[in-house]
């Protein structure tokens, strides 16, 4: 399920959280206030932590709690930082993004189609949908 990108996003693979983060997914949700946050998000494969500036992310804390980070090369296979107006700070083989949304490379094709559709909409059309109660700028999910 694609997640909407804020100005800067630290995106973490849930698989890495499950395998390496102290306390796993339940603790990560608590540590980053995932259920109640309007900025920090999750989908089936990813967590996304949002900030206004990339240097606001506490990478040392993530590493201390078990996620990998190579200090010498300034990169990780467990997470990356994506800026809405730029590219990723380092590439990871499991993430795709288009500057508006980010998604795991195993995301359903129908969801990828929705990403393309929303990303190509005019801002006015997005605001009109939001006025109707249809917030297109949030995690995209398949309808049941």
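Since every read-out is calculated from the coordinates, none of them should be taken as a lab result. Predicted, not measured: the structure shown is a model, and the values here were computed from it. Glycine also receives a Cβ, built like all others from the backbone with ideal geometry; neighbour counts cover every protein chain displayed.
Being within 15 Å of the chain's Cα centre (by Cα), surrounded by 12 or more Cβ atoms within 10 Å (Cβ to Cβ) and under 14 Å from residue 44 (Cα atoms) holds for only one residue in 137, 95, and it is 95. May I ask you to verify whether residue 11 is in a loop (DSSP other than H, G, I, E, B) and in contact with a strand residue (DSSP E or B) (Cβ under 9 Å, 6 or more places away or on another chain)? Spelling it out, it is not the case that residue 11 is in a loop (DSSP other than H, G, I, E, B) and in contact with a strand residue (DSSP E or B) (Cβ under 9 Å, 6 or more places away or on another chain). Filtered by the rule that a residue be touching a helix residue (DSSP H, G or I) at 6+ places or on another chain (Cβ under 9 Å) and either more than 24 Å from residue 74 (Cβ to Cβ) or surrounded by 13 or more Cβ atoms within 10 Å (Cβ to Cβ) (or both), the stretch 14-26 gives 14, 17, 18, 21, 23, 24, 25. Pairs are defined by a Cβ separation below 6 Å, a sequence spacing of at least 6 or placement on different chains, a first member in the stretch 115-130 that is in contact (Cβ under 8 Å) with a residue 12 or more places away in the chain, and a second member that is surrounded by 12 or more Cβ atoms within 10 Å (Cβ to Cβ); the pairs so defined are 115/2; 115/101; 118/136; 119/98; 119/100.
Return yes when residue 80 is in a loop (DSSP other than H, G, I, E, B) and within 24 Å of residue 25 (Cα to Cα) and no when it is not. Considered against the rule, which asks whether it is in a loop (DSSP other than H, G, I, E, B) and within 24 Å of residue 25 (Cα to Cα), residue 80 comes out as no.
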